Amino acid sequence: MAEKRLAIWVVVEQNQGKLASVSIEVLGQAARLVETASALSGGVAVVLLGDQVGDLAEELSAYGVDQVYWVDDPRLKHYQNDSYSGVLQRLVEREKPDILLFGATGAGEELAPTLAARLSTGLAAHCTGLDVNADGQLVMKVPAFGGRVLGEIFCPNTRPQMASIKPGTFTVPQRRAGRGEIVREDASSLLLDTDIRLTTVDVLQSEPLGLPLEKADVVIAGGYGMGSKKNWGLLEQLAAELQGAVGCTRPALDEGWTAGEHTMIGTSGKTVRPKVYLGCGISGAAHHAAGIKDSGVIINVNRDALAPAHAYSDYCVTADAKKVVEALLEEIRRTKNEKRGR
Ligand SMILES: Cc1cc2nc3c(=O)[nH]c(=O)nc-3n(C[C@H](O)[C@H](O)[C@H](O)COP(=O)(O)OP(=O)(O)OC[C@H]3O[C@@H](n4cnc5c(N)ncnc54)[C@H](O)[C@@H]3O)c2cc1C
């Protein structure tokens, strides 16, 4: 039987033996493209680098992939730009895939452009959509001009066509019945001593408090209109009462009111799709709105009746956000107390 060409490769990310969710999200898109794009011939491969990550190779083989390229070496335990881009360059030059996809995480945002430069090809970063046109070219969709237009980027003259995809843009696909082939690569021929210029000794990670934004059914988002760190505390109380998570806009982050950059929503932050999104004191700039467009019910509280946020909301409240949040907290607590008293 003729070998199946592997047109799309997904470079997956693992941190301390755990797969990044965005890698699986991207795998789902790669599988969708090979199944639906008639102009694209070939299958899907994933590339996994790490140390003793055979169980992850097994796990990945269940997501509709034809092949898992697995490169295992103690020197690949932690992501390093030089070593990872060196291994990937040699593998890509040997196998010549058409398309190379990454998650736009901190590591992915560094690795993808480094590899693109080493391979002298193009990269579209932070894509929110992927397609294949009638000529078999990858259509990489990237929000531009603050999310007002969706630019379509092509890479017609060089290969591979490379894209990084924002975490949370796509849903995690289901595992499939069949399994892809796992090919353990000889690390010594792909990883050279000259690649090891830096070594990560250890990774210390502090766990963010509370529910991650991407997993919350209720997102309470605050903007510059919340006015102060003290008022911000009200949003945190409301999120706690509703078992939700607090998100923010860029100005609220810059003011230092928030829990950190990981809570920013929008084109340079996270994409969320909660059942309920409540925006408080947010103008509704396209940069922020792009990150919430797939939410269930969108409610915004803004004292300006003409704020752009009101235009894309299911419910608009023209009022002082602090007062509305205080009133909600009071009502929730009163109802809870009543139930307890019964
Ligand atoms: C390249 C680039 C990328 C960006 N990426 C992002 C991103 O990912 N995410 C993001 O959020 N931003 C991003 N921004 C910034 C973005 O363009 C906007 O400036 C930002 O979203 C506005 O935040 P805001 O709504 O909190 O503030 P403002 O625009 O200042 O709006 C504050 C709102 O609060 C209202 N308000 C004031 N007081 C009250 C009150 N007491 N009660 C109720 N309402 C009140 C006002 O009427 C106003 O509408 C980006 C900008 C650039 C240039």
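Only one residue of 309, 183, 127 has its Cα farthest out toward the positive end of the dipole of the chain, where Lys and Arg carry +1 and Asp and Glu -1 on Cβ, and that residue is 309. Full extension of the chain segment joining residue 131 with residue 188 gains 16.9 nm, where the gain is 0.36 nm per residue of separation less the Cα-Cα distance. Computed about the Cα centre, the dipole magnitude for region 149-305 is approximately 480 debye when only Lys and Arg (+1) and Asp and Glu (-1) carry charge, each at its Cβ. Taking a ≥ b ≥ c as the square roots of the eigenvalues of the alpha-carbon gyration tensor, region 153-194 is classed oblate because a/c is 1.5 or more while a/b is no larger than b/c. Ignoring everything but the protein chains, give the 1.4 Å probe accessible area of residue 293 in square angstrom, nearest 10. The accessible area of residue 293 comes to roughly 140 Å². Gain on full extension, evaluated as 0.36 nm per residue between residue 294 and residue 318 minus their Cα-Cα distance, stands at 6.3 nm. Each Lys and Arg adds +1 at its Cβ and each Asp and Glu adds -1 at its Cβ; summed about the Cα centre, region 1-89 shows a dipole of about 200 debye.
Between the residues 206, 227, 144, the greatest Cα displacement towards the positive end of the dipole of the chain, with unit charges on the Cβ of Lys, Arg, Asp and Glu, is found for 227.
Is the shape of region 92-152 rounded, prolate or oblate, going by the alpha carbon gyration tensor and its root eigenvalues a ≥ b ≥ c, with a/c under 1.5 for rounded and a/b larger than b/c for prolate? Since a/c reaches 1.5 but b/c is at least a/b, the shape of region 92-152 is classed as oblate. Compare 17, 266, 168 in a GNM of the chain, Cα atoms joined below 10 Å, and give the one with the largest fluctuation. Result for the chain, Cα springs under 10 Å: 17 fluctuates most. Report the FRET efficiency, 1/(1 + (r/R0)^6), for residue 52 and residue 305, where r is their Cβ-Cβ distance and R0 is 45 Å, rounded to 0.05. Given R0 = 45 Å and the Cβ-Cβ separation, E is 0.15. The chymotrypsin sites (Phe, Trp or Tyr not before Pro) found in region 140-171 that occupy coil by DSSP, while having at most 11 further C-beta atoms within 10 Å, are 145. Of the residues 66, 135, ranked by 1.4 Å probe accessible area with the largest first, the sequence reads 135, 66. Excluding residues fewer than 8 places away in the same chain, name every one of the aspartates and glutamates whose C-alpha is closer than 13 Å to that of residue 96. Straight-distance partners of residue 96: none at all. Here the label points at residue 39 and residue 82, each 7 Å from Cα along the C-beta direction, are separated by 4.2 nm in the simple model.
Secondary-structure-derived ellipticity at 222 nm for the chain, considering helices only, amounts to -9000 deg cm²/dmol, per-run term -39500 (n - 2.57) for DSSP H runs with n ≥ 4. A convex hull fitted to the Cα coordinates of region 6-195 yields 111 cubic angstrom per residue.
Taking label positions 7 Å along the Cα-Cβ direction at both residue 16 and residue 93, the computed distance is 3.5 nm, reported to one decimal. Here the accessible area is traced with a 1.4 Å probe on the protein chains. For the chain, carbon and sulfur cover 51 percent of it. A dipole drawn for region 6-195 from +1 and -1 charges on Cβ atoms has a positive end, and of 46, 173, 92 the residue lying farthest that way is 173.
The relative contact order of the chain comes to 14 percent, based on Cα pairs under 8 Å that sit 6 or more residues apart. With both partners inside region 6-195, how many of the DSSP beta bridges are antiparallel, as a percent to the nearest 5? If we restrict to bridges inside region 6-195, about 30 percent are antiparallel.
Could you calculate the contour length gain from residue 198 to residue 5, that is, 0.36 nm times the residue separation minus the distance between their Cα atoms, to one decimal place in nm? List each step's numbers first, then the result.
Numbers: separation 193, 0.36 × 193 = 69.48 nm, distance 3.52 nm.
In short, 66.0 nm is gained.
Tell me whether region 258-300 comes out rounded, prolate or oblate; compute the Cα gyration tensor, take square roots of the eigenvalues as a ≥ b ≥ c, and use a/c under 1.5 as the rounded threshold. Rounded, because the longest to shortest axis ratio a/c is under 1.5.
Looking at this model, which pairs from 229/323; 18/215; 275/339; 141/270; 18/166 are more than 23 angstrom apart at the alpha-carbon? Check vs 23 Å cut-off fails for 275/339. With R₀ fixed at 56 Å, the C-beta to C-beta distance from residue 152 to residue 334 puts the FRET efficiency at about 0.60. Taking Cα centre as origin and charging only the Cβ of basic (Lys, Arg, +1) and acidic (Asp, Glu, -1) residues, the dipole magnitude of the chain rounds to 1080 debye. Note on residue 257: accessible area is roughly 20 Å² with a 1.4 Å probe, heavy atoms of protein only.
The values are calculated or read from the model by the stated rules, or taken from the named source; none is laboratory data. What you see is a predicted model, and the numbers here were worked out from it, not measured in a lab. All Cβ positions, even for glycine, are placed from backbone atoms using ideal geometry, and neighbour counts span all protein chains on display. When the accessible area is computed, the model is the full protein with side chains, heavy atoms only, and any ligands, DNA or RNA have been set aside. Shrake-Rupley method; radii C 1.70, N 1.55, O 1.52, S 1.80 Å.
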